[in-house]
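**Q** Could you have a look at this structure, given as structure tokens, before my questions?
The values are calculated or read from the model by the stated rules, or taken from the named source; none is laboratory data. Predicted model, so just to flag it, every value in this text is computed and none were measured. Backbone-built Cβ (ideal geometry, glycine too); neighbour counts: all protein chains shown. With ligands, DNA and RNA removed, areas are computed over all heavy atoms of the protein, side chains included. Shrake-Rupley method; radii C 1.70, N 1.55, O 1.52, S 1.80 Å.
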Amino acid sequence: MALLTVSGSPHIHGDDNVKKIMYGVVIALIPAMLVSFYYFGISALILTAVSVISCIFFEWAAHKLFFKGKTTISDGSAIITGILLAFNVPSGLPVWMLVIGALVAICVAKMSYGGLGKNPFNPALVGRVFLLISFPVDMTTWPKPSLPFLTTNFTVDGLTGATPLGIIKEGLKQGHTLDTIQNQLPHYAEMLFGQMGGSLGEVSAIAIIIGGFYMLFRKIITWHIPVSFIGTTLAFALILWLIDPTQYVNPLFHLVTGGLMLGAVFMATDMVTSPMNPKGQLLFGFGCGVLTILIRVWGAYPEGVSFAILLMNAVTPLINKGFKPKKFGEVIKNG
Amino acid sequence: MKTFKIGGVHPEENKLSSHNPIEILPLPKVASIPLSQHLGAPALPLVEKGAKVKVGQLIAKAQGFISANIHASVSGTVAKIDDITDTSGYRRKAIIINVEGDEWDESIDRSNELKKDITLDAKQIIEKINSMGVVGLGGATFPTYVKMMIPEGKKADVLIINGVECEPYLTSDHRLMLEKGEEMIVGVTILMKALNVNKAIIGIESNKMDAIQHLADIVKKYKGVEIEPLKVRYPQGGEKQLIKALINREVPSGKLPIDVGCVVQNVGTAFAVYEAVQKNKPLFERVVTITGKNLKKTANFMVRMGTPVNDLIEAVGGLPENTGKIINGGPMMGKALNSTETPIVKGSSGIVIMPEINACRIETLNCIRCAKCVSVCPMGLEPFFIAALSELLKFPEIENESVMDCIECGSCAYICPSGRPLLDNIRLAKNKVGQIIRNRK
Amino acid sequence: MNTSFLYAVLSLSALGASAAVILYFVAQKFKVIEDPRIDVVADLLPGANCGGCGFAGCRNMAEAIVKKENMDGFLCPPGGNETMKKIASDLGLEAKETEPMIAVLRCNGSLANAPQKVKYDGATTCAYVHMLFAGESGCPYGCIGLGDCVTSCLFDAINIDPVTNLPVISNEKCVACGACVKACPRTIIELRKKGKKDRRIFVSCINKEKGAVAKKNCSVACIGCGKCVKVCKFDAITMENNIAYIDFNKCTLCRKCVEECPTAAIHELNFPPRKPKSETADNNETAAETKSEN
């Protein structure tokens, strides 16, 4: 008989582990991924594959070069980063740029801090923002979704167009009124299902919501961040809209366009970079929402979700410090 | 159904032995009775090598306020008083008795007849509990009489009886409630009289419906005793959690249940109190569950203290080939044994045999800050944070994190998806912070 | 000339000048008057802040020396006598010569000598294992081998040997700061005299159990037979609680006890090899065992 094992209690473990959580997120990302393949065709497929493979490769390489011991590529976190990074770029992006994005996301934003769990910022967002700042033209050239699957002419210029948010921002800058601009926009229903210009993963709000419910069901995320993020964005946009409907767009427009859904459901809820306490999570979502609208309405960029989340990631340690859970028996002691 | 408010987990129940009636385990050949079977100071041996002892004879006397008498669990000759390895592998003094026959002390009432009338008054009852060496049988083995002596200026208004048995696998309390239900209830009334309260609530988790119904029938005859089914949730058997669940009072941090007017006793203790007070029988045997997924059979045994764990294992058909761990107590809070020679003591509620595949922990990865440990902590602590500080040896800082409130239930380490040894580090921190606090005094 | 250029230069200069004036007065007002000798002493100290001297850091020790104006009782273990002499000469004091010390591991319960009886799985810190149970070998006094001493060492002087699972203390790197002595939950590590030519003799066991019990867990345990006490002509060995202890101040490194020890619990370090004697160790061993059982 083998030696008996001695260890401290507890001697049993719940069936939860990091792998299950990470692959749960991957599963939740599948609907949005399928939508992106449907709308953007083979280019989406290539970009997603390249992104995932290069993320896994960079994580493995960083492990081999800088860390001892087993690599962590099998835990699935690199796959998530890869998919999310691909989701955040336009479908016409040159592949080599995406590889650079993956390098920054994995090596700079994640492994340099010590790997999964130690990164202060969401790696995929860091990669995305790096690309946005480095290659602004390529990152804001949006091929329009084209329904026929397996279209090969994804580099044809005639198919590119701005995102709805970009159209509005540009239009307002040129002094058009909102009414005239809105004629250029797709309908809400179209936007809800993804019929608009945008990054790979952010086009279909419905697909993202399905993934979000799956993660809620698996208890991978809690409702706090998405609800407060989206709620704050809506509320803030509503206030502006009520003040002057000719200058500010309908709050529903903010909801279905751009990366709000993707950010609120998949990026802001990243366990590693979001607060741990429900109250802190509500505050985190609130901050994200306010910053998103601030950047969208008054900022230089048409889209502000990634910046908002990254900024809130930076204050997460503070939020964690400020919001401690209620301790058992504490109220009576103080009272 | 009621339950406590913050945290908690629901491990797989695995109550494999819940249908095994209590059997009497044959006497061991040699009984090693440790002098420290309770919380507090070890008892002082009263017998010497070569002395003849009878079952129930006082062989070691309590030393100090928090301590308990120890009685012979077998009859025979004292072979020696020597060090034996206890559950942790460290060596502790024990009285080793060679068993000869089974001769009981005459003062013990061995009949099975139920004695309901309580002839003693409150003071006498507490004195009796003390002299019979009764300690809390839920696992903490705190001397019962100390709990029953209410400090001046405080008052108990309700007695809470813990029949929760929230640990997976264990069924000893469950079987006791089913088979010795009425005796246990009489024990409860004795405790009520001693505490001068007229209300007692027995909390039982709803995975023991048969016990709930059985006791509910019995308590109709007893005034002031209530049965309360509780939602299955670990660690409901923790004193503070049980009080919160049953009467919604919150014991303040660093205080005792008596500060909110409660006294909590285990059902096993209530039965031991019945036997001590009504039958004059000291605490020298208890119900022990022996269970495990790979065992030939599971069982609930009435075991004399000092019986080696080996005897129990032999009685259920020997250790399976792929045994990886033997746990004294439940899998959430029990201690892993070094050897099967360790004796059963007052605090052993069960022996759980784990197969090799379940014996080791999962691989430890980085903390992914999922906050699951925070959400399951029944005391509202931040286990990941305390454990991280403990790994950095920053013990003075940990004191501010209320680490002494930790009840060591293990929910955090149970749930951690990264398999981090959270409770190990927290326990170390508790130990070190305790030293810091003691040094300050 | 562009006036805005002029304005910029003038306003910045004015700002700088006023800041300089304010800083000057603030520096005067809050000046900390410190003995300049403290800096001198602190510069001489190695600056490792190891705490071996008993102070929180090198500067704290420098302050204490300057304040006391006396070198008695002060010793910087990493700096050694040389540093102390330098400090003394700078301050015009006298430093006492102290013998160099070194950390010594008093346990030889390697995987071969004290085989594993159980497997441990959990937090990899000795302090916790010590709380939890006796250890994998079953010896409640023996080395746990998870390396609390290794983490405590600021000088990288301790490593765990993967074969024996015991820490190995480097002769060159160890400065006897005592951090490992404090870190070891079982106080196995002791600071002993480094000895001439690094030669040391010590009992490599601290097990206080009776001989037979100790022997069960570890083949090289001190069984408390007392042979070394008898053989020592210099009164250097004492026997207390079943454990022999060699006083390094009295020991003359004659090595008699090493030969006598039936369980090879007494170690000699850095001695030239000697001629192997015909071994009667086996007989001695059993004799010692029967004796200790009584």
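**Q** Take every Cα-Cα pair in chain C and report what % of them are more than 28 Å apart.
**A** On the way: 23029 of 43071 pairs.
Beyond 28 Å sits 53 percent of the P(r) for chain C.
**Q** How large is ³J(HN,Hα) for each residue in the stretch C:258-263, as worked out from phi by the Karplus curve 6.51 cos²θ - 1.76 cosθ + 1.60 (θ = phi - 60°), to whole Hz, x for Gly and Pro?
**A** Once rounded to whole Hz, the list reads 4, 5, 6, 4, x, 10.
**Q** If you don't mind, there's one more thing I want to ask. Using DSSP H assignments, which helices in chain C have an axial alpha-carbon span of 24 Å or above and a mean Kyte-Doolittle hydropathy of 0.0 or higher?
**A** Helix filter hits for chain C: C:3-29.
**Q** Report the one residue of C:Gly109, C:Ile144, C:Ser89 whose Cα lies farthest in the direction of the positive end of the charge dipole of the stretch C:79-202 (charges on C-beta: Lys and Arg +1, Asp and Glu -1; origin at the Cα centre).
**A** Ranked along the dipole, the leading option is C:Gly109.
**Q** Given 20 Å bins starting at zero, what is the percent of C-alpha pairs of chain A in each, up to the one with the largest pair distance?
**A** Histogram of Cα-Cα distances, whole percents per bin: 30, 55, 13, 1, 0.
**Q** Using the Cα centre of the stretch C:93-158 as the reference point, and only Cβ charges (+1 on K/R, -1 on D/E), how large is the resulting charge dipole? Debye, rounded to the nearest 20. Mind showing how you got there, number by number?
**A** On the way: 4 positive and 7 negative charges, 75 e Å.
Dipole magnitude for the stretch C:93-158 comes out near 360 debye.
**Q** For the stretch B:1-47 and the stretch A:224-291, what is the separation of their Cα centres, given in Å?
**A** Measuring centre to centre over Cα atoms gives 53 Å.
**Q** Quick one: Cα convex hull volume of the stretch B:337-405, Å³ per residue?
**A** Taking only Cα atoms, the stretch B:337-405 has a hull volume of 179 Å³ per residue.
**Q** In deg cm²/dmol and to the nearest 500, what is the mean residue ellipticity at 222 nm of the protein assembly as shown if only DSSP H runs of at least 4 residues count, each as -39500 (n - 2.57), divided by the residue total?
**A** Counting only the DSSP helices, I get -11500 deg cm²/dmol.
**Q** Roughly how many debye, to the nearest 20, is the charge dipole of the stretch C:1-150 about its Cα centre, given +1 on each Lys and Arg Cβ, -1 on each Asp and Glu Cβ, and no other charges? Intermediate values should be presented prior to the final figure.
**A** Working: 12 positive and 15 negative charges, 65 e Å.
About 320 debye.
**Q** Separate question: Sequence gap at least 6, Cα distance under 8 Å: using those rules, report the relative contact order of the stretch A:248-330 to the nearest whole percent.
**A** Rounded, it is 33 percent for the stretch A:248-330.
**Q** Could you tell me what percent of the accessible area of chain C is made up of carbon and sulfur, with a 1.4 Å probe and every protein chain present? Numbers along the way, then the final one.
**A** Details: 9280 of 16440 Å².
Carbon and sulfur atoms account for 56 percent of the accessible area of chain C.
**Q** Right, another one. Please give the Cα centre distance for the stretch B:138-211 versus the stretch C:19-94, rounded to the nearest Å.
**A** Using only Cα atoms to place each centre, the spacing works out to 64 Å.
**Q** Continuing with the same structure: Using alpha-carbon positions, what is the distance between the centroids of the stretch B:223-246 and the stretch B:388-431, in Å?
**A** 26
**Q** Here's a follow-up. Based solely on C-alpha atoms, express the radius of gyration and the Dmax of the stretch A:237-332 in angstrom.
**A** 15.7, 54
**Q** Continuing with this model, one more query. At what distance in nm do the modelled label points of C:Thr187 and B:Glu48 sit from each other, each positioned 7 Å from its Cα along Cα→Cβ?
**A** 3.4
**Q** With every protein chain left in place, what is the accessible area per residue of the stretch B:110-184 in square angstrom, probe 1.4 Å?
**A** Heavy-atom SASA per residue in the stretch B:110-184 reads 43 Å².
**Q** Mean-square fluctuation check for chain C, GNM, Cα pairs under 10 Å: which of C:Leu132, C:Leu105, C:Leu44 is largest?
**A** C:Leu132
**Q** Pick from C:Pro262, C:Pro115, C:Pro78 the residue whose mean-square fluctuation is largest in a GNM of chain C, springs joining Cα atoms under 10 Å.
**A** C:Pro115
**Q** Let me ask another. Give me the number: length gained by fully extending C:Ala8 to C:Val32, i.e. 0.36 nm times residue separation minus the C-alpha to C-alpha distance, one decimal in nm. Could the numbers behind the result be given before it?
**A** Numbers: separation 24, 0.36 × 24 = 8.64 nm, distance 3.68 nm.
Stretched out fully, the C:Ala8 to C:Val32 stretch lengthens by 5.0 nm.
**Q** Pairs B:Lys147/B:Lys220; B:Lys80/C:Lys117; B:Lys335/C:Lys173; B:Lys5/B:Lys123; B:Lys281/B:Lys430; B:Lys293/C:Lys117: which are spaced more than 31 Å apart, C-alpha to C-alpha?
**A** B:Lys335/C:Lys173; B:Lys5/B:Lys123; B:Lys281/B:Lys430
**Q** Quick one: putting +1 on the C-beta of Lys and Arg, -1 on the C-beta of Asp and Glu, what dipole do you get for the stretch B:372-440 around its Cα centre, in Debye to the nearest 20?
**A** Working: 8 positive and 8 negative charges, 33 e Å.
Charge dipole, the stretch B:372-440, about its Cα centre: 160 debye, nearest 20.
**Q** How much of the calculated P(r) for the stretch A:201-278 lies past 14 Å, in percent of all Cα pairs?
**A** 63
**Q** Let me ask you something else. Provide a list, ordered by number, of residues in the stretch C:122-152 showing at least 40 Å² less accessible area with every protein chain present than when their chain is taken on its own, using a 1.4 Å probe.
**A** C:Ala123, C:Tyr128, C:Met131, C:Leu132, C:Phe133
**Q** Considering only DSSP beta bridges with both partners in chain B, what is the antiparallel share in %, to the nearest 5?
**A** 60
**Q** Am I reading the B/C interface right? What is its buried accessible area, both sides, 1.4 Å probe, to the nearest 100 Å²?
**A** 1400
**Q** Listed here are the pairs A:Lys219/A:Lys326; A:Lys324/C:Lys182; B:Lys52/B:Lys128; which of them are more than 27 Å apart at the Cα?
**A** Violating the 27 Å Cα-Cα cut-off are A:Lys324/C:Lys182.
**Q** Using R₀ = 51 Å, calculate the FRET efficiency as 1/(1 + (r/R₀)^6) where r is the Cβ-Cβ separation of A:Trp223 and C:Asn60; round to 0.05. Walk me through the intermediate numbers first.
**A** On the way: r = 53 Å, r/R0 = 1.04.
That gives a FRET efficiency of 0.45.
**Q** Return, ordered by residue number, the residues of the stretch B:84-103 whose backbone nitrogen is under 14 Å from a label point located 7 Å along Cα→Cβ of B:Ile24.
**A** Taking a point 7 Å out along Cα→Cβ of B:Ile24, the residues of the stretch B:84-103 whose backbone N falls under 14 Å are B:101-103.
**Q** Restricting to the protein assembly as shown, what percent of DSSP beta bridges are antiparallel, rounded to 5?
**A** Numbers: 54 of 81 bridges.
Counting DSSP beta bridges with both partners in the protein assembly as shown, the antiparallel share is about 65 percent.
**Q** Which percent of the accessible area of the stretch B:93-185 is formed by carbon and sulfur heavy atoms (probe 1.4 angstrom)?
**A** C and S fraction of accessible area: 47 percent.
**Q** Run the numbers on chain B and let me know its relative contact order in percent, using alpha-carbon pairs under 8 Å that are six or more apart. All intermediate terms of the calculation are to be shown ahead of the outcome.
**A** Values: 1020 pairs, mean separation 85.2, N = 441.
Normalised by residue count, the contact order of chain B is 19 percent.
**Q** Given the options A:Val290, A:Val249, A:Pro278, identify the residue whose Cα lies farthest towards the positive end of the charge dipole of the stretch A:207-335 (+1 on Cβ of Lys, Arg; -1 on Cβ of Asp, Glu).
**A** A:Pro278
**Q** Also: Multiply the residue separation of B:Ser206 and B:Leu392 by 0.36 nm, subtract the distance between their alpha-carbon atoms, and state the gained length in nm to one decimal.
**A** Numbers: separation 186, 0.36 × 186 = 66.96 nm, distance 4.22 nm.
Gain on stretching B:Ser206 to B:Leu392: 62.7 nm.
**Q** Another question, if that's okay. Between C:Ile33, C:Ile160, C:Ile144, where does the largest GNM mean-square fluctuation fall for chain C, given springs only between Cα atoms within less than 10 Å?
**A** Top of the fluctuation ranking is C:Ile33.
**Q** How many percent of the accessible area of the stretch A:50-138 is carbon or sulfur, using a 1.4 Å probe?
**A** Answer for the stretch A:50-138: carbon and sulfur cover 75 percent of the accessible area.
**Q** Using the basic label-point model (7 angstrom from Cα toward the beta carbon), what is the A:Tyr301 to A:Ser112 distance in nanometres?
**A** 1.8
**Q** I'd like the interface area for chains B and A: accessible area of each alone minus the complex, both sides summed, 1.4 Å probe, protein heavy atoms only. What is it in Å² to the nearest 100? Kindly include the intermediate steps, with their values, before the conclusion.
**A** On the way: alone 19480 and 16750 Å², together 31900 Å².
Roughly 4300 Å².
**Q** Report, to two decimal places, the Cα Rg of chain B normalised by 2.2 N^0.38 Å (N = number of residues).
**A** 0.96
**Q** May I ask you to compute the full-extension gain from B:Asn98 to B:Met302, defined as 0.36 nm times their residue separation minus their alpha-carbon distance, rounded to one decimal in nm?
**A** The B:Asn98-B:Met302 span can extend by a further 71.5 nm.
**Q** What residue among A:Val265, A:Leu3, A:Leu98 has its Cα farthest toward the positive end of the dipole of the protein assembly as shown, where the charges are +1 on Lys, Arg and -1 on Asp, Glu, each on the Cβ?
**A** A:Leu3
**Q** Rounded, prolate or oblate for the stretch A:161-322? Axes are the square roots of the Cα gyration tensor eigenvalues, ordered a ≥ b ≥ c, and the cut-off for rounded is a/c under 1.5.
**A** prolate
**Q** Based on the alpha carbon coordinates of the stretch A:1-142, what radius of gyration and maximum Cα-Cα distance (Dmax) apply, in Å?
**A** 17.8, 67
**Q** Oh, and also: Quick check: net charge around C:Glu63, other residues with Cβ under 14 Å of its Cβ, Lys/Arg +1 and Asp/Glu -1?
**A** Local net charge: -1.
**Q** Then there's this: For the protein assembly as shown, compute Rg over Rh where Rg is the Cα radius of gyration and Rh is the Kirkwood radius from the inverse mean 1/r over Cα pairs.
**A** 1.05
**Q** Defining a contact as two alpha carbons under 8 Å apart and six or more residues distant in sequence, what relative contact order in percent does the stretch A:161-322 show?
**A** Normalised by residue count, the contact order of the stretch A:161-322 is 24 percent.
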